[in-house]
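Asker: Quick one: this structure, given as structure tokens, is what I'll be asking you about.
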Amino acid sequence: MHARIASLIVLSGLAFPSSLLAQPDEAMPVSAVTLYRSGVGSFERQGTVTGDETVSLAFDADQINDILKSLVVIDLDGGRVGAVSYSSDEPIGRRLEALGLDHEGQLTLARLLGEFQGARIDLTSTSGEITGRILGVDGRELWHDDQFEEFIRLSIATNEGIVTVDEHDIRSVRLLDESLQSDLNDLLIALGTQRTEQSRSVEIDLRGVGDRRVRAAYVQETPIWKTSYRLVLPEGEGDDLHIEGWAIVENTTDHDWENITLTLVAGRPVGFEMDLSTPLYISRPEIAVPVEVAAAPKMYDRGRGGGQSPFDDVADEMAVVDRETRDYRLTQESNERNRRGVPSTDAPLGLAGRSLSAEMGMSTVSMASGGDEGEVFFYRLDNPVSVGKRESAMLPIITGPIEGRRVSVFSPSTQGQHPYRGVELTNSTGLKLMPGPLSVFDGSVFAGDSQMGYIGAEENRMLAYAVDLDVDAERTTNQNTTTQNVRILDGVIHLSNVVENEYTVTLDNHDSKRDRMIVVEVPRFRDWTLSAEIKPYEETDGLYRFEIEVGSGETESLTATQTRTQSTTMALTSASLPTLLSYQRQGAASQAVIDAYKGYASRRAAVDDARKEIEHNESEYQRIENDQRRIRDLLRSINRQDALYARYMGQLETHEDSLDELRSERQTLVNDLAQKEQQLDLYVRTLRVE
């Protein structure tokens with residue numbers, strides 16, 4: 001229901017200034033461009049000016065912050081660079097606040113007229129023309145078309161009285177206050193410009209006498225430049241491989257690049273964005289105006305024997321003054337904290353301490369064609385380049401022979417039973433090759449695509465571009481563990497085991513016309529040692545590379561063995577003589593180890609025998625005690641005069657003699673066990689045999 005303000009209010013004489021429609025001055029065309037792979041580009045413009053002149057440069061609106069951060073202007077012939085001006089990006093909210101308008105929410109006709117309460121207007125409605133002052137805007141919800149809708153009614157105070165007009169009946173509204181109407185026009189221009197303006201102008205004021213050369217440089221966001229390659233494999237043996245490298249650049253600006261010097265840099269300088277075009281405002285604390293407390297009127301009660309003390313009211317006054325003084329002191333402390341750099345609680349976060357002094361312009365560095373500068377590598381095209389605005393171009397940067405050879409590559413990650421067709425390149429171009437896709441042609445036939453990473457000068461790189469269906473590959477793995485050495489140290493058996501991992505690849509070449517040089521990649525295990533029987537021609541952090549030539553119609557195999565020594569331990573109590581004897585037969589255990597274990601076993605057996613004798617003694621002792629308990633139970637039911645009673649009493653005496661002997665014997669057995677355990681412990685602790 002509520003339309004935008006621009007479609008509801010008729011503004012007489014509203015027009016955009018001609019400066020908004022003017023085209024930028026091309027007195028300083030682009031002369032050099034340096035593109036980086038970090039998403040920025042360095043641009044250089046140069047031209048000639050006469051006397052005092054202002055040069056206008058146009059940029060995309062979203063690039064203005066990069067220009068403000070990096071622009072450098074130099075007058076080469078003694079002139080002076082004045083101010084650099086541009087249209088400010090003052091927030092629309094502040095412009096609305098300047099008109100007394102709330103900038104939150106949608107700006108509607110009813111809301112605008114409500115904010116202009118008291119202003120004189122000329123209103124045209126379906127009933128005619130009304131002139132008066134805005135009294136107010138009322139809204140109410142009514143049921144309409146099966147839903148509640150808000151209906152707005154405008155009240156206008158005229159010379160004839162108060163008139164109300166429904167929002168639906170309003171056709172046009174004009175503010176009669178010229179100053180207020182002018183501010184509103186400016187606001188509407190800003191609103192329209194904010195939505196539609198795609199470019200921003202930067203005006204450079206140049207002061208001087210006569211004709212002078214001037215130069216400007218700046219950095220702005222650009223698409224990264226990309227590379228793609230083509231590799232042609234020779235049809236005959238011994239012929240060179242041929243490589244072509246192309247740079248893909250995009251001119252996304254509104255300016256043509258005509259005969260410019262183009263440099264492509266492989267480095268990635270640090271870059272960031274900062275909003276320098278939008279005005280920033282710092283909230284300041286509001287300080288209360290210090291005032292003296294006015295004298296309060298005195299009220300006196302009728303006394304009974306004495307009047308009211310005048311000092312009572314004075315005390316009340318002093319209490320009020322103390323409160324006012326305390327409030328003022330707190331306000332002053334808040335202001336002092338703000339001056340010291342402590343942000344006010346009302347201040348927006350992120351504005352305190354912001355400094356632009358670190359943002360400096362960047363100068364252009366002179367570079368040679370295809371070389372290093374500092375820590376970056378660059379390509380500078382030898383001939384001038386022309387790229388139209390909003391256009392892209394593919395430019396040759398490398399063309400010529402390159403060292404390399406045909407290979408097939410079989411890797412651990414290869415899926416299926418076939419290796420890949422590939423090439424092994426040596427970067428003999430004298431330039432560094434940036435990452436990019438690579439299209440491979442075998443003679444005049446497309447052979448496949450590959451992905452090329454960064455290749456430094458004279459570095460080798462393996463590239464695969466197709467599956468080699470003429471070669472079958474089979475891989476097998478086998479792992480064996482062999483005990484190499486057995487030692488006994490401090491009662492612990494130390495085993496030194498050698499683990500062997502065999503990786504075997506069998507290759508069958510079905511091609512009846514061409515032999516194959518196949519590169520077999522074998523996983524390289526950390527802390528494992530490759531057998532000396534076979535040597536790789538190249539190593540990486542995770543792979544060994546071996547070369548094997550497979551003739552036409554032939555089958556070859558390659559086995560790479562990696563070994564690793566592992567140490568394990570085993571307690572003497574867990575070992576057995578048959579196990580140690582098997583180690584001895586393998587040559588891992590010496591006779592001294594066998595004899596040492598036998599000595600341990602004999603001492604251990606003596607300890608076990610002593611413990612068994614003690615167990616037998618304790619068992620016999622327990623048997624006699626149980627028999628005594630049985631006899632005592634029987635004696636309770638037998639007459640003391642019976643012969644059986646005397647017989648049982650004799651057995652008890654015999655049992656007591658036996659118990660005395662067992663107790664004496666047990667002490668001897670315990671002492672013997674302690675002695676044998678001590679001998680075993682001493683033997684084990686001092687046992688060191690290899």
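Asker: If Gly118 satisfies every condition in (1) closer than 30 Å to Arg390 by Cα; (2) modelled with pLDDT of 85 or more but one, which is the exception?
Answerer: (1)
Asker: If you don't mind, another one. Which fully enclosed strands (runs of 3 or more DSSP E) of the range 126-245 have 1 or more residues being without any contact (Cβ under 8 Å) to a residue 12 or more places away in the chain and touching a strand residue (DSSP E or B) at 6+ places or on another chain (Cβ under 8 Å)? Explain how you work it out, then say what you get.
Answerer: On the way: elements: 128-144, 147-158, 161-166, 170-175, 199-207, 211-221, 226-233.
Hits in the range 126-245: 128-144, 147-158, 161-166.
Asker: Would you be able to tell me the number of residues in the range 430-488 that are assigned to a loop (DSSP other than H, G, I, E, B) and in contact (Cβ under 8 Å) with a residue 24 or more places away in the chain?
Answerer: Of the residues in the range 430-488, 13 are assigned to a loop (DSSP other than H, G, I, E, B) and in contact (Cβ under 8 Å) with a residue 24 or more places away in the chain.
Asker: If you don't mind, another one. Restricted to the range 109-125, and to residues that are touching a residue at least 40 places away in the same chain (Cβ under 8 Å), part of a helix (DSSP H, G or I) and closer than 15 Å to Leu180 by Cβ, which residue is farthest from the chain's Cα centre (by Cα)?
Answerer: This residue is Leu113.
Asker: Output the number of residues of the range 557-578 satisfying the condition of being crowded, with 16+ Cβ neighbours inside 10 Å and assigned to a helix (DSSP H, G or I).
Answerer: The qualifying residues number 1.
Asker: Please state which of the following conditions Gln628 fails to meet, knowing it meets all the rest: (1) in a helix (DSSP H, G or I); (2) over 30 Å from Gly491 (Cα atoms); (3) free of Cβ contacts under 8 Å to residues at least 24 places away in the same chain.
Answerer: (3)
Asker: Still on this structure, I have one more. Test Trp246 against the stated conditions and say whether it is aromatic (Phe, Trp, Tyr), farther than 30 Å from Arg406 by Cβ and either assigned by TED's automatic domain parsing to the domain that holds Phe441 or modelled with pLDDT under 95 (or both).
Answerer: No; evaluated as a whole, the condition is false for this residue.
Asker: Checking the conditions here, which among Ile64, Ile9 is at pLDDT below 60 and either surrounded by fewer than 13 Cβ atoms within 10 Å (Cβ to Cβ) or not charged (D, E, K, R) (or both)?
Answerer: Checking each option against the conditions leaves just Ile9.
Asker: May I ask you to list the residues in the range 511-534 that are surrounded by 13 or more Cβ atoms within 10 Å (Cβ to Cβ) and in a loop (DSSP other than H, G, I, E, B)?
Answerer: Asp511, Asp515, Arg524, Phe525, Trp528, Ser531, Ile534
Asker: Restricting to the range 155-171, name every residue that is among the hydrophobic types (A, V, I, L, M, F, W, C) and crowded, with 16+ Cβ neighbours inside 10 Å.
Answerer: Ile156, Val163, Val165, Ile170
Conditions tested, residue by residue: (1) assigned to a strand (DSSP E or B); (2) in the same structural domain as Glu547 (by TED's automatic domain parsing); (3) of a type outside the set (Ser, Thr, Tyr); (4) buried (at least 16 other Cβ atoms within 10 Å of the Cβ).
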residue	(1), (2), (3), (4)
Phe378	yes, no, yes, yes
Asn383	no, no, yes, no
Met394	yes, no, yes, no
Arg405	yes, no, yes, no
Val409	yes, no, yes, yes
Arg421	yes, no, yes, yes
Glu424	yes, no, yes, yes
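The values are calculated or read from the model by the stated rules, or taken from the named source; none is laboratory data. Everything numeric here is computed off the predicted structure, so don't read it as measured data. Backbone-built Cβ (ideal geometry, glycine too); neighbour counts: all protein chains shown.
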